[in-house]
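Have a look at the structure below, then the notes.
The values are calculated or read from the model by the stated rules, or taken from the named source; none is laboratory data. As the structure is a computational prediction, the values presented were derived from the model and not from experiment. Virtual Cβ from ideal backbone geometry, glycine too; neighbours counted across all protein chains shown. In case anyone asks, the SASA skips ligands and DNA or RNA and just uses the protein heavy atoms, side chains included. Shrake-Rupley method; radii C 1.70, N 1.55, O 1.52, S 1.80 Å.
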Amino acid sequence: MKINDFKVEQWMNDHEKKAIYNLTDTCVKACTWQELMERVDIDPDLGLDYGDITGSEAVKQAILSLYTTHDLKSLTMFHGCLEANQHVMDTLLEPKDHIITYTPGYQQFWDYPRSLGVDATLLALKEEMGWMPNIDELKESIRSNTKMIILNNPNNPTGTMFPRSFMEPLIQICKEKGIWILCDEVYRGFDDQPSISDLYEKGIATSSLSKVFALPGLRYGWVKACPSLISKINVRRDYTMISTGPLMDTIAAQVLAHKDEILQKNKAYIEQNKHIFTTWEQTQSHYHLIMPKAGTVGFLSYDMDISSTDLANRLLDEEGIFFVPGSCFGFDHHVRFGLGQDSHMLEKGLQKLSVWTNRQFG
């Protein structure tokens, strides 16, 4: 099975450790162990066996509180959202199937299916339309062998939240044609946006505790879908993992018992950083961000005569400012901008970005 280099992940792997000012991360600033233990009480007699193979009832009940439909058989657990997405695609997609997804977006959504022999159509989110999709373009792209539409909602890197005016006709089209909708909802939580798994029988939601819950290091994720599909995913899952284990299940369930408090705190953090950025942007002539309505990232554009790869390399080497270049998403003259990191670090990084840009480009 041949597969292309995963450009975003490789860039992060190669460069992130050099960062002083990480202005590109997709997570809310990670919770510390001490902060986590203030919300979690682990029984010292907890047995560290395999535990409940697809996740304990307690953790499933906790996760279902994030949704409006509450069937325990509609969930199975994974080590993060990335692995959850992979298992959905491995279970449903076959050679010569066709999928549709959006760019700029997460490379897993098209290059992983292509590695399975699937044909992928990439539709563009329109910057001139605020990074919004065009439903008529999607309709025209559907084929007789279209098996799945894949979305990241909200989107990485643009922060696009697919509106009801798009989602409602999309669901109707997919109902008529029997097409699955896989929706990576890992950035969902800071708004009242409904889950695709609550709206459509063939809607598949994946998520994790990584982004809006600020716990990427736990590697705790899940799939929520109709029970018949979950059963098929669990058959394949037996070949690749055994369980998430009782320790991670217990931590996840207890974290989610505090979900309202955590989400409120982290949303306020994001809003504070949006204000910091907006204040900074008003003093700039070279940079512009279509501010995302949801999620933790946006796609920052600039007008200087330098490629995004060279810009990102020079900023990191000369100032310690870390961005993922738009070239990793196939869009030059953009960088991914993260809204979830430490506010003081963000302010300092933006100040240094201003000084460097003025020195180099006026």
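Could you tell me which of the residues LEU218, LEU263, LEU256 is under 30 Å from GLN351 (Cβ atoms) and modelled with pLDDT of 95 or more?
Values: LEU218 fails: under 30 Å from GLN351 (Cβ atoms); LEU256 fails: under 30 Å from GLN351 (Cβ atoms).
The conditions single out LEU263.
Could you please find all residues in the stretch 20-45 being open to solvent by 30 Å² or more (accessible area, probe 1.4 Å), under 19 Å from LEU350 (Cβ atoms) and of a type in the set (A, V, I, L, M)?
ILE20
Pairs under 7 Å by beta carbon, first residue acidic (Asp, Glu) and assigned to a helix (DSSP H, G or I) in the stretch 44-64, partner surrounded by fewer than 21 Cβ atoms within 10 Å (Cβ to Cβ) and at pLDDT 95 or above, six or more apart or different chains?
Qualifying pairs under 7 Å: GLU57/LEU72.
Can you pull out every residue in the stretch 88-119 that is open to solvent by 10 Å² or more (accessible area, probe 1.4 Å) and in a strand (DSSP E or B)?
THR103, ASP119
Could you tell me which of the residues ILE171, ILE196, ILE179 is among the hydrophobic types (A, V, I, L, M, F, W, C) and buried (at least 23 other Cβ atoms within 10 Å of the Cβ)?
Unique residue meeting the criteria: ILE196.
From PRO325, PRO246, PRO227, which residue is within 19 Å of the chain's Cα centre (by Cα) and at pLDDT 95 or above? Please lay out each step first, then the result.
On the way: PRO246 fails: within 19 Å of the chain's Cα centre (by Cα); PRO227 fails: within 19 Å of the chain's Cα centre (by Cα).
It is PRO325.
Could you grab me the full set of residues in the stretch 61-73 that are under 24 Å from ASP238 (Cα atoms) and within 21 Å of the chain's Cα centre (by Cα)?
Correct list: ALA62, ILE63, LEU64.
Tell me, yes or no, whether the stretch 293-315 has at least one residue that is in contact with a strand residue (DSSP E or B) (Cβ under 6 Å, 6 or more places away or on another chain), without any contact (Cβ under 8 Å) to a residue 60 or more places away in the chain and under 22 Å from ASN153 (Cα atoms).
Looking through the stretch 293-315, at least one residue is in contact with a strand residue (DSSP E or B) (Cβ under 6 Å, 6 or more places away or on another chain), without any contact (Cβ under 8 Å) to a residue 60 or more places away in the chain and under 22 Å from ASN153 (Cα atoms).
I'm trying to understand the selection: among the residues of the stretch 331-362, which are touching a strand residue (DSSP E or B) at 6+ places or on another chain (Cβ under 9 Å), more than 16 Å from THR296 (Cα to Cα) and either among the basic types (Lys, Arg) or part of a loop (DSSP other than H, G, I, E, B) (or both)?
Answer for the stretch 331-362, where residues must be touching a strand residue (DSSP E or B) at 6+ places or on another chain (Cβ under 9 Å), more than 16 Å from THR296 (Cα to Cα) and either among the basic types (Lys, Arg) or part of a loop (DSSP other than H, G, I, E, B) (or both): PHE331, ASP332, HIS333, LYS348, LYS352.
Regarding ARG219, is this residue among the charged types (D, E, K, R), open to solvent by 10 Å² or more (accessible area, probe 1.4 Å) and within 30 Å of ILE171 (Cβ to Cβ)?
Considered against the rule, which asks whether it is among the charged types (D, E, K, R), open to solvent by 10 Å² or more (accessible area, probe 1.4 Å) and within 30 Å of ILE171 (Cβ to Cβ), ARG219 comes out as no.
Go through (1) part of a loop (DSSP other than H, G, I, E, B); (2) more than 21 Å from PHE213 (Cβ to Cβ) one by one and return the number of the condition ASP41 breaks.
(2)
Any residue in the stretch 127-140 that is touching a residue at least 40 places away in the same chain (Cβ under 8 Å), hydrophobic (A, V, I, L, M, F, W, C) and closer than 24 Å to GLU201 by Cβ?
no
Which condition number in (1) touching a Ser or Thr at 6+ places or on another chain (Cβ under 6 Å); (2) farther than 23 Å from ILE63 by Cβ is the one that LYS274 fails?
(1)
Restricting to the stretch 55-78, give me the number of residues that are closer than 22 Å to GLY217 by Cβ and either out of contact with any strand residue (DSSP E or B) (no Cβ under 7 Å at 6 or more places or on another chain) or among the β-branched types (Val, Ile, Thr) (or both).
Residues in the stretch 55-78 being closer than 22 Å to GLY217 by Cβ and either out of contact with any strand residue (DSSP E or B) (no Cβ under 7 Å at 6 or more places or on another chain) or among the β-branched types (Val, Ile, Thr) (or both): 7 in total.
Check HIS334, HIS286 and return the single one that is over 26 Å from SER207 (Cα atoms), of a type outside the set (S, T, N, Q) and open to solvent by less than 20 Å² (accessible area, probe 1.4 Å).
On inspection, the qualifying residue turns out to be HIS334.
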